[in-house]
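Structure, as structure tokens:
Here, each number is a calculation from the coordinates, and none is a lab measurement. Bear in mind the structure is a predicted one, so any value in this text is a computation, not a measurement. Cβ coordinates were reconstructed from backbone atoms using ideal geometry, including for glycine residues, and neighbour counts include every protein chain displayed.
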Amino acid sequence: MKTMTSCGKQAAETGRQSNPPAPISRLCLDIETFSSENLQKTGVYRYAESPDFTVLLVGYSLNGGPVRVVKLAAGAILPTEWDNNIL
């Protein structure tokens, strides 16, 4: 990702790293999706219900830590830290 969210800027400026065992108190999330439906013209429900709707990638920062990007469209899977803390 070429842009950095406010969470990413904060982490970069302070140099803070999140500890995986620590409870998640702050989550910054950016989800990039694709659909052949035009979101502005059809609305979110038709966009998301399209047969070709897919989540391409998820960018996130936990507790002000570094921004991480998971490229789901390339076969990556969400990290295990999501299992008990987010999902």
Worksheet item: Which ³J(HN,Hα) values in Hz, rounded to whole numbers, follow from the phi angles of segment 43-50 under the Karplus curve 6.51 cos²θ - 1.76 cosθ + 1.60, where θ = phi - 60° and Gly and Pro get x?
Response: x, 5, 5, 5, 4, 6, 8, 4
Worksheet item: How long is the gain from residue 26 to residue 74 if the chain were fully straight, where each residue apart is worth 0.36 nm and the alpha carbon distance is subtracted?
Response: 14.6 nm
Worksheet item: Counting only residues 5 or more places away or on other chains, whose amide H sits under 5 Å from the amide H of residue 65 once H atoms are built in the peptide plane?
Response: 18
Worksheet item: Can you run phi through the Karplus equation (6.51, -1.76, 1.60; θ = phi - 60°) for segment 74-81 and list ³J(HN,Hα) in whole Hz, with x for Gly and Pro?
Response: 8, x, 5, 10, 5, x, 5, 4
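Please arrange 61, 25, 50 by how many other C-beta atoms lie within 10 Å of their C-beta, fewest to most.
In increasing order of surrounding Cβ atoms, one gets 25, 50, 61.
Going by how many other beta carbons lie within 10 Å of each one, how would you line up 71, 41, fewest first?
Numbers: 71 12, 41 8.
Arranged by neighbour count, lowest to highest, 71, 41 become 41, 71.
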